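Just below is one structure, and these are the notes that go with it.
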Amino acid sequence: MIHQLVYYSRNAVSGGDREMLTNMRDIVSASQRNNSRDGVTGFLIFDKTWFVQILEGERAKVVETYNRIGRDPRHTGATIINVRDVPDRLFPNWTMGGAMRTPEVQEVYLGHGIGGALDPAKLKSSQVIALALDLQAFEQAKRQPQRLVG
Ligand code: FAD
C-alpha cells in the first residue's frame, strides 16, 4: 500500500514575486533530490499565502519527509488534512510537481469552484487531490514531467 498525506501550511516566504520564485525553485529542487532518493512523489499547490501538498510513498518515508518539511521556516502551521493508505500512487511521475496559482491556471481553479482566495482549511483531501490532478495535467501539457528514478 502507498501512504498518502495531504496537508496545508501558511507561506512564510517574504518579499515579492522574485523572492517567491527563487524560494520555490530551491524548495522544488531539494524536494526532487530527496524525494527521488526516498521514493516519495506528490504535488505542491501554492500561492502567496498558502501551501497545500500531497505526499505519497512508503509510510516511514512519507512521515520522515513530512516531519522534515514541518521544521522548515519558509512556512508555518503545517496542518494535516488527511492521511490514508491507497493502492496506487496518484503522481507516479512527479518527485514533486508544483503549480503556483497564476492567472494562467485560474481556469483550472474555477473548474473546481475556487474563484476567490484559496482557503485550504475548508478543503477536503478529495478536493485537493482533484485540483492537483488537473493542475498536473495542465503542467504536463506544458513540459516533460520529472521522472522518479528507479
Ligand atoms: P538543504 O536543502 O541542503 O538545506 C539544509 C537546511 O537548510 C535544511 O534544514 C533546510 O530546511 C534549510 N534551508 C535551506 N534553504 C533555506 C531557506 N532559503 N530558508 C530557510 N531555510 C533553508 N523537501 C523534501 O525533501 N521533499 C518535499 O516534498 C518538500 N516539500 C516542501 C514543501 C514546502 C511547502 C516547503 C516549505 C519545503 C519543502 N521541502 C521538501 C523542503 C524541506 O523543508 C527541507 O528544506 C529539505 O527537505 C531539506 O533538504 P536537505 O536535507 O537536502 O537540506
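Only the coordinates and a few stated rules stand behind these numbers; no lab work does. Everything numeric here is computed off the predicted structure, so don't read it as measured data. Every residue, glycine among them, receives a Cβ derived from its backbone with ideal geometry; neighbour counts consider all protein chains shown.
Summary of values
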{"read-out": "Part-to-part distance (alpha-carbon centres) for segment 50-92 and segment 116-144, which is given in Å", "value": "15"}
{"read-out": "Three-way shape call for segment 78-150 based on the alpha-carbon gyration tensor, with the a/c threshold at 1.5", "value": "oblate"}
{"read-out": "Residue of Ala99, Ala78, Ala117 that the Gaussian network model of the chain assigns the largest fluctuation, springs spanning Cα pairs under 10 Å", "value": "Ala117"}
{"read-out": "Simple Cβ-charge dipole of segment 2-142, Lys/Arg +1 and Asp/Glu -1, about Cα centre, in debye nearest 20", "value": "320"}
{"read-out": "Computed over the chain: relative contact order in percent, which uses C-alpha pairs under 8 Å that are six or more apart", "value": "34"}
{"read-out": "Segment 2-142: Rg to Rh, with Rh as the Kirkwood radius over Cα pairs", "value": "0.92"}
{"read-out": "Likely footprinting exposure, Ser126, Ser9, Ser31, fewest C-beta neighbours within 10 Å first", "value": "Ser126, Ser9, Ser31"}
